[in-house]
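Input: a single structure, listed below in structure tokens.
The values are calculated or read from the model by the stated rules, or taken from the named source; none is laboratory data. Small disclaimer: the values here were computed from a predicted structure and weren't measured. All Cβ positions, even for glycine, are placed from backbone atoms using ideal geometry, and neighbour counts span all protein chains on display. With ligands, DNA and RNA removed, areas are computed over all heavy atoms of the protein, side chains included. Shrake-Rupley method; radii C 1.70, N 1.55, O 1.52, S 1.80 Å.
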Amino acid sequence: RGEVAKGSAEIFFRKVKFWKEDGQEEAPPVFNVDGVNYFHVKVVGLLFVATTRVNVSPSLVLELLQRIARVIKDYLGVLSEDSLRKNFVLVYELLDEVIDFGYVQTTSTEVLKSYVFNEPIVVDAARLQPLGPAAIFMQGTKRMPGTAVTKSVVANEPGGRKREEIFVDIIEKISVTFSSSGYILTSEIDGTIQMKSYLSGNPEIRLALNEDLSIGRGGGTIYDYRSSSGSGAVILDDCNFHESVRLDSFDMDRTLSLVPPDGEFPVMNYRMTQEFKPPFRINCLIEEAGQLKAEVIIKVRAEFPSNITANTIAVQMPLPKYTTRASFELEPGAVGQRTDFKEASKKLEWGLKKIVGGSEHTLRAKLTFSQESHANLTKEAGPVSMTFTIPMYNVSRLQVKYLQIAKKSSSYNPYRWVRYVTQAN
């Protein structure tokens, strides 16, 4: 709104860059410098930043930044530094329509279509580094999690023909806390069903979920019986839907009908704290091994079926502050594992490329201390944390039973892609 100093981009970048060097992990998503609030989110290694002097709701701004990233991705097809540079003018025009004089107007790709006239310069997705099927779900700087759709919603295919297809992603982020003896203290699933449609003529779609789905604890719906499979009903704590979804038949047979707007959007977000089987079990042992020495043993066991593989696993464990050195020992024949001791933050890091369901991996570390420990070692180390991505697997057992597309003609048969992803939250 014209109230923030000219060099704010420079100030922000400096602050975020040097945050790490002061021994802290990451810059927080919201911070204040000289009376200006800086909000930022990181999407595929790009930083989207908003500034304001006004005391606004942080969740509003962070949601706005996520949506701006999504709209830009819808238009450019691929979200990367390269595509942003090439499409600077188009992105500028999009931002101009999304935020008018500092006030948010719309973040709907569908609505923006009638105002935005620049054509995207399509960056060839093949020029991105070659990806294995798993690498699409890489976390952090490498890749967009979940959605691997790299086509613009506005640009036409070469040859003028559009390939009729629709993508549905069920992405679940899970948070689980274990006690030191292995009991589950808290567990929660934060899930979303994302959709991206490339269907021409906006046909209506019906999406069916599990019939034994119930919402709200103790909500005595007619579906309160346990399902015949014996696995128990799926009980969501709460959920919300995109405004295009019609819920007329949802209470009857758990189907959602909608006319999907252009671009990527969440059909439904849900949350679940019902007990579920966590995908991994971690055991950790730390004990003294003579003067100024200790040994750590971390075991990770995959509790999912052997036809499923988890990717990009990272295990972290804070060590006692007076640790000076750590030497690691991996199991014999270990491939694609790396270990590291971060001197500044006194953290042990263990990365695994992949873990096949049912397998178990062990890491041993010998620690050297600069002083004797007077307290209980276990109290000064930990907690162990872990991040991972598991494609084609979901913990909540929520399923898309079928995806019907209203027929335009007997020959109309678009492609449907449905996939599941589980991530550590």
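Structure notes:
- Distance histogram for the chain (every C-alpha pair counted, 20 angstrom bins, percent rounded to whole numbers): 21, 51, 26, 2
- FRET efficiency, 1/(1 + (r/R0)^6) with R0 22 Å, evaluated for S345 and S180 via beta carbons: 0.50
- Positive contributions from Lys and Arg (+1) and negative ones from Asp and Glu (-1), summed over other residues with Cβ under 14 Å from the Cβ of Q371, come out at +1.
- Rolling a 1.4 Å probe over the protein chains gives F167 an accessible area of about 40 Å².
- With the simple model of a label 7 Å out from the Cα in the direction of the Cβ, Y103 to N32 spans 2.5 nm.
- Gain on full extension, evaluated as 0.36 nm per residue between E10 and K173 minus their Cα-Cα distance, stands at 55.3 nm.
- Heavy atoms of T339: accessible area, 1.4 Å probe, square angstrom to 10: 50
- Residues W19, W417, ordered by accessible area of protein heavy atoms at a 1.4 angstrom probe radius and largest first, appear as W417, W19.
- Rounded to the nearest 10 Å², the accessible area of E287 at probe 1.4 Å: 90
- The phi-based Karplus calculation (6.51 cos²θ - 1.76 cosθ + 1.60; θ = phi - 60°) puts the 3J(HN,Hα) values of segment 390-396 at 10, x, 6, 8, 9, 7, 7 Hz, whole numbers, x for Gly and Pro.
- The chain, helix-only ellipticity at 222 nm - DSSP H runs n ≥ 4, -39,500 (n - 2.57), divided by all residues, nearest 500: -4000 deg cm²/dmol
- Segment 298-341 - accessible surface per residue (Å², probe 1.4 Å): 51
- Mean-square fluctuations from a GNM of the chain, with a 10 angstrom spring cutoff on Cα atoms, peak among Q66, Q291, Q194 at Q291.
- Approximate spin-label separation F117-L292, in nm, with each point projected 7 Å along Cα-to-Cβ: 7.5
- Local electrostatic count, N240, Cβ distance below 14 Å [Lys/Arg +1, Asp/Glu -1]: -4
- Distance between the 7 Å Cα→Cβ label points at T387 and K20: 1.2 nm.
- Of K86/K347; K17/K162; K15/K354; K162/K401; K20/K196, those spanning more than 32 Å from alpha-carbon to alpha-carbon: K86/K347; K17/K162; K15/K354; K20/K196
- In this structure, S411 and R206 have a Cβ-Cβ separation that, at R0 = 22 Å, corresponds to a calculated FRET efficiency of about 0.60.
- Relative contact order (%) - the chain, alpha-carbon pairs under 8 angstrom, separation at least six: 15
- Element breakdown for segment 296-425 at a 1.4 angstrom probe: carbon and sulfur atoms account for 51% of the accessible area.
- Distance from the alpha carbon centroid of segment 10-55 to that of segment 74-127 works out to 23 angstrom.
- Nearest-0.05 FRET efficiency for H242 and Y92, computed from C-beta distance (R0 30 Å): 0.60
- At least 24 Å along the helix axis (C-alpha) and Kyte average at least 0.0, DSSP helices within the chain: 58-76
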